[in-house]
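K.L.:
Okay, here's the structure, questions in a sec.
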Amino acid sequence: MNECLTCGLWKQLWCWLEDFSCRLQDSIVLKLILAICVALLVVFNVYSGFAMANSCKRRSAEGDDGDGDHPRGTSRNLDCTLHVSPESYDYGWDRGPHTWNTPANNQSPINIERNCLEINYFNSPLVWCQYNEVPLGIRLENNGHTVILRASFPGRPPSIDGGDLLGRFDFREISFRWSWTNSYGSEHTTDNRHSPLEMQCLHTDAYQDGCTSSQGILMISYLFEFSEDNPFLDVLVQHLVAVQQAGQAVEVPPFPLSYLMPAFYTKFYSYHGSLTEPPCHRGAEWWVHPPPLAISERQLNEFRQLRNRYGARIGRNARPVQPLEERSVYLNRYRTGF
């Protein structure tokens, strides 16, 4: 008896479902719901496709070993030091230097105490090659933190050799550090005193085939002090108006790099440090040119007009001074020169 009752209930339920299904098939509401579901599915698939494509492009750009957007004369040695995008950090409260995950020692910049220098004599003169040559082109770019200068050359780029260097180091790029106030600006300090502007010139080992840190990096730093307009600096400053917004780049009339980077041969500071932007890899050799270069208030104000990725003016882009600890700072002298 129970089995017959159960069978009858199942038949009634099945009949009701068939009737409900037939009614829904003729329902306009059901057709509308199905159409909306199909449309949402199509939109989701399109969005997922674009997201995957953009992800691939970013990975490709980060891992590109070719020239990419770099002018001819650059190298994979430069790319291997830039593992962190400029968008991932800044100099403010939320993502500033105090939040960077960096090694604990041998960091840059430092304070240079002129009364605590060790004298280092070298016998082989420094050799500056092709810095007086006019490059094929010069490109300025505002990356949201600073302005970057890169140059292209018909052959090998300008290079420096000699002294205590173990080989030739090729020029890669120039970047700048400044602040809203005249009493700050530079990353390196001399006797705890900042300069209003610091120019950092990145060089890499010409014979190194690749790297995973800053090993094989030579950074040459020039500090500035206020004076009259510097005509050699003006060849760059006059074009800063074209890169005021983050992400903007411009090709400028080429000029010899020696306009910005005067060669020196003795009496310069050196120490072992790191890159000053994340990931702040250790192993970079720093040279600091002691005699300051000239800059006027007007020229410095042109740097202060550059804007970050949020549209605000770049108020400061210098990493604070790091502990010297057990490291030595050298005053290098050419033994048979000057």
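K.L.:
Among all residue pairs at least 6 apart or on different chains, which show Cβ distances below 6 Å where the first residue, located in the range 184-205, is in the same structural domain as C280 (by TED's automatic domain parsing) and touching a residue at least 12 places away in the same chain (Cβ under 8 Å) and the second is acidic (D, E) and outside any strand (DSSP E or B)?
P.N.:
So the pair list comes out as E198/E187.
K.L.:
Which residue is nearest to the chain's Cα centre (by Cα), if the candidates are limited to the range 228-277 and must be aromatic (F, W, Y) and crowded, with 19+ Cβ neighbours inside 10 Å?
P.N.:
Looking at the filtered set, the residue picked out is Y271.
K.L.:
Restricting the first residue to the range 226-246 and requiring it to be under 9 Å from Q299 (Cα atoms), which pairs with a second residue that is modelled with pLDDT of 95 or more and among the small types (G, A, S) meet a Cβ separation below 7 Å and a spacing of at least six or different chains?
P.N.:
D229/S296; N230/A294; N230/S296
K.L.:
Check off (1) touching a Phe, Trp or Tyr at 6+ places or on another chain (Cβ under 8 Å); (2) modelled with pLDDT under 95 for E133 and give me the number that stays unchecked.
P.N.:
(2)
K.L.:
Something else: Taking the range 105-127, which residues are surrounded by fewer than 18 Cβ atoms within 10 Å (Cβ to Cβ) and either among the hydroxyl-bearing types (S, T, Y) or at pLDDT below 90 (or both)?
P.N.:
Y121, S124
One line per residue, one yes/no per condition, for (1) modelled with pLDDT of 95 or more; (2) closer than 25 Å to F226 by Cβ; (3) part of a strand (DSSP E or B); (4) in contact with a strand residue (DSSP E or B) (Cβ under 6 Å, 6 or more places away or on another chain):
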{"site": "G273", "(1), (2), (3), (4)": "yes, no, yes, yes"}
{"site": "P278", "(1), (2), (3), (4)": "no, no, no, no"}
{"site": "W287", "(1), (2), (3), (4)": "yes, yes, yes, yes"}
{"site": "L293", "(1), (2), (3), (4)": "yes, yes, yes, yes"}
{"site": "Q299", "(1), (2), (3), (4)": "yes, yes, no, no"}
{"site": "Q305", "(1), (2), (3), (4)": "yes, yes, no, no"}
{"site": "Y310", "(1), (2), (3), (4)": "no, no, no, no"}
{"site": "R319", "(1), (2), (3), (4)": "yes, yes, no, no"}
{"site": "L324", "(1), (2), (3), (4)": "yes, no, no, no"}
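The values are calculated or read from the model by the stated rules, or taken from the named source; none is laboratory data. Just so we're clear, the structure is a prediction, and the values are computed from it rather than from any experiment. Reconstructed Cβ throughout: ideal geometry from the backbone, glycine too, with neighbour counts over all protein chains shown.
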